[in-house]
Amino acid sequence: MKSQPRVKPTGLFDVQYAAFLKTVSHLRARLHRYCTRMVGSAMDGEDIMQEALFEAYRKVDQLEDPGALQGWLFRIAHNRCIDFLRNRKARERAEANYAEEEIILPVEPTGFGAGRAIERLVIHLPPKERACVLLKDVFDYSLEEIAELVDSTVGGVKSALNRGRTKLAFLPAQPSAPVAIVAPDPQLSRLLNRYVNLFNQRDWDGVRALASADARLRVSDCFNGLLVDSPYFLEFDRAQTPWRIDIGEVESETVLIVLFEKHDGWMPTYPVRVHVRDGLIDAITDYYACPWLLPAADNVRVNGRPIFDKVERGS
């Protein structure tokens, strides 16, 4: 039996995994877009996609037809999304913002354009209808392909599409009110402000003092382990382009935003999630290799200023 390829459980990812990621790079923006709309969060969608890619890497020997790679990856990502939604539903005891009644209205929706409007609104649908509408009306999969991806039948997919499209036809094309920005915890705000000031001064010892001894770091595509074992801060020192970080929000979640200086000013490039426990940073997730993440989010703000705000732009 062939040994399964692997990623080190901690530390830098091995070169074989990096090579695998390169072979699927052309699919990652689409995979992220699907995961984002399934779970309602661009950053959670990225986390799920990365888990799906690692699962695919470990099982790559099971893929007999290289031409089926895209569908295979979508199926793995879909199952990860469903697991995420089930866990969230167990915590919250309900699927957010939607009642579970199986009502089929006798109205055939017409003129409902695909695209960003559908992508934003599908979060109001139960998971199966959400997946079928996305895969058919946004990603243009066939009924047979969707049935295989969601583990259903063609008839089941048709029924889910009918229910989902009908419900979407009765929803407003735009949200009735802007999403409220939840004020962060004052202690978190003070710590993040301190982190930003020290980080922008390249005071790495000061930054390390804000983190617990066992703080975890996950950097997309290259590292997962203890912060103290990582070359994280050295990589910022090596950057050829001037950079800084600011406090921002992605879909109402307070994050750090890394900006790089371009010819026309400072460009927000990617977010960094910081988790705090007992007054210290205990986890950092850095999305540096995910240029699709911020444009996929429904709204992004840096220092209170909207960036990539699809709702406000009406895109």
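Residues whose amide H lies under 5 Å from that of residue 288, counting only those 5 or more places away or on a different chain, are 220; hydrogens are built 1.01 Å from N in the peptide plane.
Positive contributions from Lys and Arg (+1) and negative ones from Asp and Glu (-1), summed over other residues with Cβ under 10 Å from the Cβ of residue 164, come out at +4. Pairs over the 18 Å Cα-Cα cut-off, from the set 22/136; 128/158; 136/158; 128/167: 22/136. Ranking of 26, 263, 78 by solvent-accessible surface, largest first: 263, 26, 78 (1.4 Å probe, protein heavy atoms only, all chains present).
Taking R0 as 51 Å, what FRET efficiency do you get between residue 275 and residue 154 from their Cβ-Cβ distance, rounded to the nearest 0.05? Taking R0 as 51 Å, the efficiency between residue 275 and residue 154 is 0.75.
Please find the FRET efficiency linking residue 204 to residue 262, where r is the Cβ-Cβ separation and R0 is fixed at 35 Å, and quote it to the nearest 0.05. Calculated value: 0.90. Computed extension gain for residue 144 through residue 65, at 0.36 nm per residue and net of the alpha carbon distance, reaches 26.7 nm. Taking Cβ atoms as reference points and 11 Å as the exclusive limit, the residues near residue 268 contribute a net charge of +3, counting Lys and Arg as +1 and Asp and Glu as -1. Counting Lys and Arg as +1 and Asp and Glu as -1 over every other residue whose Cβ lies under 12 Å from the Cβ of residue 245, the net charge comes to 0.
The values are calculated or read from the model by the stated rules, or taken from the named source; none is laboratory data. As the structure is a computational prediction, the values presented were derived from the model and not from experiment. Every residue, glycine as well, gets a Cβ built from its backbone with ideal geometry; the counts of neighbours run over all protein chains shown. Note: areas computed on protein heavy atoms with side chains; ligands, DNA, RNA excluded. Shrake-Rupley method; radii C 1.70, N 1.55, O 1.52, S 1.80 Å.
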